[in-house]
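FYI, it's all coordinate maths here, none of it is from the lab. What you see is a predicted model, and the numbers here were worked out from it, not measured in a lab. Cβ coordinates were reconstructed from backbone atoms using ideal geometry, including for glycine residues, and neighbour counts include every protein chain displayed.
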Amino acid sequence: MTNPPSVIDRQQIEAYHSLPCLVHHVPGRVRFRIYRLKDDLDYAANLKQFLLAQPRINHVRVNRAAASITIDYLYLYTGSSLVEIASDLANLIKQAATTSSIPNKPSKKPTLTTENWSSLRLPVFTTIVSWLSYQSGLVWLRSVALASLVTVTLPIAKRAIQSLFGDRKINIDCLDLLALGLSYSQGRLVTPALVITLHQLGDLIRDRTARSTATQTADLMDAIGHFAWVLREGQLLQIKSDSVQPGETVIVYPGEQIPVDGEVLKGRATIDQQQLTGESVPIVAEAGTVVYASTLVRSGQIYIRTDRVGKNTRAAASIELLQNAPVQDTRMANYAAQVADKLILPSLVLAVIVLAITKEPARAASILTLDFVTGIRISIPTAFLSALNHNTRHGILVRSGRSIEQLAEVDTVVFDKTGTLTQGTLSVVGIQTIPGRMSAEQVLTFAAAAEQRIAHPVAEVITNYAQSQNINIPLRQKWNYEVGLGIRATVESQEILVGSDRFLAQEGIDLECLGTQAFPLHHTCDIEQKSATSAWLSLIYVACDGKLQGVIQYADPLRSESHGLIQYLQASGRDIHLLTGDNQKRANVVAEELNIPLSQVHAQAFPEQKAAILRDLKLAGKTVAFVGDGLNDSVALAYADVSISFASGSDIAREIADVVLMNNDLASLMEALNISQETKQLIEQNTLLVVAPNLMALGMASTLGLNPLVATIVHNGSAIAAGLNSLRPLVQHNLEEQNSLFV
């Protein structure tokens, strides 16, 4: 292991964090810890790509949470010993850190395509040619227009025939085909061409607001892990994780994900369960502790008796729940189809009666043209498209029109705790010192010196905080880390102990001398106002040469915007629930801080329990939005009516979420809810704009008679008016932005 520099300054940090430290090595496989992997996503991606380009490397797996990289190499690797192989690979890692050009490999991911607007070319061409032929009277141009019109009508005819003879019902395509046929019979081409163009435009806009239903679960499967180290007949073997037999002993090393569910037989390890349960603070696992697949061993080594493997593990059950989540219509509600189903038959009967009485095909065509549907087919999707763009300008990605509809109906909002209402990362919030001994800065300095380069979240928090305070961290000489207890180190010829109260008590340190005065270094947590300090804060004790010097207080603080958002939601009459895998004490403290009723706090919930709670709320008639950011939230996100996540959330959470807060600001949810309500009101206005003029025109066509072209103008004019009304909020927003530039 490479010794750290005696004093870490900002110029040395990047190079220092890029140094590979060997964790463990067996033939064919080696694991290094590289601290830079955790914070530098580009470096992690480039390093993996660089190593995969090497001829003797088979597979590379980066675990950013553990700041580690695992390299599988060929057994025929040139090198006479494991030491030489590890040295060669370490040199490659160092070389990658200084290589600006990384070999490119073809991506296996399919590229995303935008909507194919080219389908509008032929209808627009037909409309233009039809109008020119009408104006000029040229026979050859009229023939071109007619041939083009027949071509664009064929898809409508196919759908109408399929509906009549396949589905045995009359749909809107049947009415459109009849109206077009009557117009053809009278030699009119401009009217049907314009109608087809407008219909096609509405369909394209509607499709643009649609969202793919395909959900990628590869990230979830990767989280479980693909291999396991198993003891068989006294030999240590690496096998596929789903090939482990119940009852076999699995060994898990530092930086590895646990591949099975089971009970710890021996060993001691710090385990990060956040992606499965959402708990922000790691647990200490020892003999008798039940552990789960997909959780991460941050430090230590454990032997596990296998109980469940593969699809039977708790993590796999969560994946199955996600894949079996109810598939909701990801297109916006098709208002046109709903209205058409009710009006198709009356419109057809009325047109037949008028034709029979008046013998005027034009009047019948006018009635069929005034179907109420075209305006809705255009204006409603346009309203959703406008809302989607409006949200985007506020840093909110909304995937579909349906999501906007559902947001407007939400009456219950369920929040995850860790990373959603809280910041999701541990932070130092205060230091309590012993009067007459070390200052708060000295306590922090010695604690950071002892904890440097220790693979534990709290150690990283203390070290990072010391660096952020521009504290020079002195060299740590001899040290010994005891999993679950703390660390003993020699710093500047003094023996430093950093760890739990139990650790210091075992070493004979007197803890009763601790005073009550606190020296907070942050304003995120006012200790005097906490009624349940032990639940809200966690403590790390620091001793020097046998005497207690102080206590470092750390916590996962609330987001600054959490209070305001909860107050807004409660004032608007929405119910608030807190749903977390964290323990009941921490959940209750957060609920009390945010004024969430304790009866609506659900703690220690695994993914399948989260899904069950959401199902119960929906069965009670609630329209439920769930807000979460972690892998452990993916099932709940899939089962909610509206799922909301953050750009900084896990890949699978972002993929599943209907709404992504791109600026990672929880307060953006208020804006998304306001825009959805505004869109709902807009849709109601558009429906009136479309129905009222068409209804009056229908009355005139039935009684006094109405030229089909006038009917088309009324019909399409109302659609255009409703479409422009849909764009009104977006135009207003643009004007407000422009005006703000001159203020």
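Descriptive notes on the structure:
- Spin-label pair Ser243/Glu561, simplified geometry with 7 Å Cα→Cβ offset, distance in nm: 4.9
- Note on Ile353 and Ala157: the model spin-label points, each 7 Å out from Cα along the C-beta direction, lie 3.1 nm apart.
- Taking a ≥ b ≥ c as the square roots of the eigenvalues of the alpha carbon gyration tensor, segment 537-652 is prolate, as a/c is not under 1.5 and a/b beats b/c.
- GluC sites (Glu not before Pro) restricted to DSSP loop in segment 529-610 with at most 16 other C-beta within 10 Å: Glu561
- Measuring r between the beta carbons of Gln469 and Glu84 and using R0 = 60 Å, the FRET efficiency lands at 0.90.
- Extension gain for Asp39 to Ser119 (0.36 nm times residue separation, less C-alpha to C-alpha distance): 24.2 nm.
- A straight chain from Lys547 to Trp140 at 0.36 nm per residue would run longer than the Cα-Cα distance by 136.2 nm.
- Additional length obtainable on full extension of the chain from Lys311 to Ala721, 0.36 nm per residue less Cα span: 142.1 nm
- Förster radius 35 Å - calculated FRET efficiency between Ser648 and Leu539 (Cβ-Cβ, nearest 0.05): 0.80
- Remark: spin-label model distance Val26-Arg728 equals 6.9 nm, labels positioned 7 Å along the Cα→Cβ axis.
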